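Asker: There's a structure below that I have some questions on.
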Amino acid sequence: MWAIEAISLRKEYGRTVAVADLNLQVCQGEVFGFLGANGAGKTTTVKMLLGLVRPSAGQALVLGRRPGDPTAMAHIGFLPEHFRFHPWLTAADFLDYHARLYGMPAEERRRRIPELLERVGLAGWERTRLAKFSKGMLQRIGLAQALLNHPQVVFLDEPTSGLDPLGRREVRDLIRELRDAGVTVFLNSHMLGEVEAACDRVGIIRQGELIRVGTLEELAGGTLQVEIRARALTPELIAGLARWGRVVRQEGSERVLLETAEEEALPVIAAWLVENGARLYALTPCRRPLEDLFVQIVEGAQ
Amino acid sequence: MKVWLIAEMTFHEARQRRLVWIGALLGLLFLGVFALGYHYMYQDVSRYAGAFTTQVISAANGFALMGLYAVNFLGVMLAVIISVDTLSGEIASGTIHTIATKPLRRWEIVVGKWLGLLAMLSLFIVFLCAGLTLITWLIARHIPPNIMQGTALMILCGTVVMTLSLLGSTYLAALANGVVVLMLYGLAFAAGWMEEFGAIFQNTSAVRVGIVISLLMPAEAMWKRAAYLMQPGFLREFGMSPFGAGSAPSSAMVVYTLLYVLVILAAAVRLFQRRDL
C-alpha cells in the first residue's frame, strides 16, 4: 500500500485548471519533496490529499483511504503553509485542544505536550499566549501540533517559513528523525536547499502538471559533475576531457567542471591527466544543485 | 464526541474575545436602567391610579413587556454578532485548516459551533429575562405570565437568526452575511406588523403576505407568540400594543420553527461539507 496515492487527480476553478490529472505515488517512510513555482498547484494538491479541497475528477488516497476519512486522519499530521491559530490560547492549551481533536487521552496529553514543546524548542513557553509568539515560534508550535499524534504521514507546507537559519536546520534534523522513524513526509517547499538535503525523491509540478518525479540523480538524467583542480592544464588537455563528457565550466587554467555519464570514468580521467603532465590536486564528484535542475526542468518544459 | 469539544471551544473563544463579559456587563447596565425606569413608572402609576388595580397591573405588565421586547431585540443582535463570521472567519484566516484535517467529520464542526453559540445565546437571554423578572417582582410584585414559555420562545427567535447567520457564514463574508441576516429579520419584523394590522382591519391579503414572510423567516413570529403569552388576558382582549401582540402564531408555528431551524442547520452542514477550504 502506498502512503499517498493520487490517481488522475484534477482540480478546476471555472476555466482555470489548478491541477491537471496528477498521478503520483509516495512510498511509506519516504521523504518526498514537492516543488513548483508560485501558483503551480502545490498547495491545491496538498489540500486535495487532505480532503480540504474536493477534486473535480480523479481520486486521492492517503494510507489507503479517502482524504477526510477520520480513520486515516487519525494518523496524519499537517502544517499548513499559512498556519493560523487561536491567538488567545496559550501554547499548552493550543496543543491540548488539538490533541483532544485527535482523541488523545488526558494522561497521554500530559506526557506528550511538554515532550513536543521541548522538541520544537519552546520549553518554558507553555503558559504564553500565541498572540505574543514571533512568526518563527508560531511555525514551531505549528510543527508541534502536526506531530502530536505520532503520525504515519506528515504534510509540511513550507515548514521553514519564518524560521532563522538555526530553526531551518532544526527542521531538517526533525525531517531526518521522522524518516528514521519510518514516517512518510510530504514536503512542500520553496527552499530548494532543504528539499535537496532532506528528500529521497522529488516531484516537480508546473502549471498544474507533474512534469518530473524521481531521485535527484534521476532528475539529473544520470549525469555526474566532477570538479577537476590541477596545474598545467593545457588547452589540449581540457579539449581531451571531452571524450568522457562535457566541459561545463572552466575557471582559469586550474579548475574545470566536467559533466560525465558514469562514476567509473573518474579513476580513468585521473590517470589520463597525470600521464599527460597535469599536476592533479583534486577530482571531486559533486551533485548538481537542485536549483539548477529545477530551473532546467521547468524551463525545458515551457 | 468531537461535537462537544468544538462547542466548548466556540464558547471559550467568545469568552476569550470578551464577548461574554461585555454581554454580561451591558446586560447588567440594561437591567439597571430598566429597574430605575420601572421604579419611577410604578411609583407614578400607583399614585395616580390609586385603587384601580387593573390599571396598575396593566401598566406594570406593559412596562415589563417593553423590557422583554428590548431583551428580545438584544438577543437577536447578539445572535448575529456571535455567529456572523464563525465559519467564514476561520476559513478566511486559515484557522480551519488544522481543525478540519483532524479525525472528525465536517458536520461535527458545524453542529459543534451551533451548540456553542446556542449555549451563549441562551445564557444571555435567560440572564436578562431572569434579571428583568426579579426587578418587576421586587418593585411591583408582578411576574409576567408564562415567563418561562416566553423566554424559551425568545431563545427560539434568536436561534432562528443565529442559525441563518451560521448558514450564511459557510459561504458569505462577515459583512455581507450580517447585512443579509439583518435584512431578513427586518423583513420578518415588517411582516409581523402587516399580519397584525391585516387581522385588525380584516384584510386577508395583508394577513397572507405576513404569513408567507413569517414562514420564510419565522423569528418575529416567535416573539409575537412570546409577547402574546406574557401579557395578561385583558391586554390581549384590548388588542395590539407596540411591544405586545393582539394575535398569536399557533403552536403549529412553533413546531414549524423548530423544524425550520433543523433544516437550516442541515443546509449549513451540507454547504460546509461541499465547499473547498
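The values are calculated or read from the model by the stated rules, or taken from the named source; none is laboratory data. Owing to the predicted nature of the structure, the values given are computational and were not obtained by experimental measurement. No Cβ is skipped: glycine too gets one built from the backbone with ideal geometry, and neighbour counts run over all protein chains shown.
Asker: Could you tell me which numbered condition A:Leu122 fails, if it satisfies all but one of (1) in a helix (DSSP H, G or I); (2) touching a helix residue (DSSP H, G or I) at 6+ places or on another chain (Cβ under 6 Å); (3) crowded, with 18+ Cβ neighbours inside 10 Å?
Answerer: Tallying (1) in a helix (DSSP H, G or I); (2) touching a helix residue (DSSP H, G or I) at 6+ places or on another chain (Cβ under 6 Å); (3) crowded, with 18+ Cβ neighbours inside 10 Å, A:Leu122 fails exactly one: (1).
Asker: Another one. Among the numbered criteria (1) touching a residue at least 24 places away in the same chain (Cβ under 8 Å); (2) within 14 Å of chain B (Cβ to nearest Cβ); (3) small (Gly, Ala, Ser), which single criterion is violated by A:Gly58?
Answerer: Unmet for A:Gly58, out of (1) touching a residue at least 24 places away in the same chain (Cβ under 8 Å); (2) within 14 Å of chain B (Cβ to nearest Cβ); (3) small (Gly, Ala, Ser): (2).
Asker: Moving on. Take A:Ala40 and decide whether it is in a loop (DSSP other than H, G, I, E, B), more than 9 Å from chain B (Cβ to nearest Cβ), buried (at least 22 other Cβ atoms within 10 Å of the Cβ) and not polar (S, T, N, Q).
Answerer: Values: in a loop (DSSP other than H, G, I, E, B): yes; more than 9 Å from chain B (Cβ to nearest Cβ): yes; buried (at least 22 other Cβ atoms within 10 Å of the Cβ): yes; not polar (S, T, N, Q): yes.
Yes.
Asker: How many of the residues making up the range A:1-44 are of a type in the set (S, T, N, Q) and more than 21 Å from the chain's Cα centre (by Cα)? Reasoning before the result, please.
Answerer: Here is the first cut: in the range A:1-44, the ones of a type in the set (S, T, N, Q) are A:8, A:16, A:23, A:25, A:28, A:38, A:43-44.
This time we only want the ones that are more than 21 Å from the chain's Cα centre (by Cα), so: A:8, A:16.
The qualifying residues number 2.
Asker: Those residues that are surrounded by 18 or more Cβ atoms within 10 Å (Cβ to Cβ) and either at pLDDT below 85 or among the hydroxyl-bearing types (Ser, Thr, Tyr) (or both), I need them from the range B:249-271; list them, please.
Answerer: B:Pro249, B:Thr257, B:Tyr260, listed by residue number.
Asker: In the range B:99-127, which residues are surrounded by fewer than 20 Cβ atoms within 10 Å (Cβ to Cβ) and hydroxyl-bearing (Ser, Thr, Tyr)?
Answerer: Selection gives B:Ser122 alone.
Residues are listed down the side, and each one gets a yes or a no for (1) buried (at least 17 other Cβ atoms within 10 Å of the Cβ); (2) within 30 Å of A:Leu192 (Cα to Cα):
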site	(1), (2)
A:Arg229	no, yes
A:Trp244	yes, yes
A:Arg255	no, yes
A:Glu259	yes, yes
A:Leu266	yes, yes
A:Val274	no, no
A:Pro285	no, yes
A:Phe294	yes, yes
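Asker: All but one of (1) surrounded by fewer than 23 Cβ atoms within 10 Å (Cβ to Cβ); (2) among the hydrophobic types (A, V, I, L, M, F, W, C); (3) modelled with pLDDT under 90 hold for B:Ala188; state the number of the condition that does not hold.
Answerer: Answer for B:Ala188: the failing condition is (1).
Asker: Here is a further query. Restricting to the range A:64-84, and then to whatever is buried (at least 21 other Cβ atoms within 10 Å of the Cβ) and not in a strand (DSSP E or B), can you tell me which residue is farthest from the other protein chains (Cβ to nearest Cβ)? Working first, answer last.
Answerer: First, the residues of the range A:64-84 that are buried (at least 21 other Cβ atoms within 10 Å of the Cβ): A:67, A:73, A:76-80, A:83.
Keeping just the survivors that are not in a strand (DSSP E or B) gives A:67, A:73, A:80, A:83.
Working: A:Pro67: 9, A:Met73: 4, A:Pro80: 4, A:Phe83: 7 Å.
The extreme case among them is A:Pro67.
Asker: Determine which single condition A:Arg15 fails, assuming it passes every other condition in (1) away from chain B (no Cβ under 14 Å); (2) of a type in the set (D, E, K, R); (3) touching a residue at least 40 places away in the same chain (Cβ under 8 Å).
Answerer: (3)
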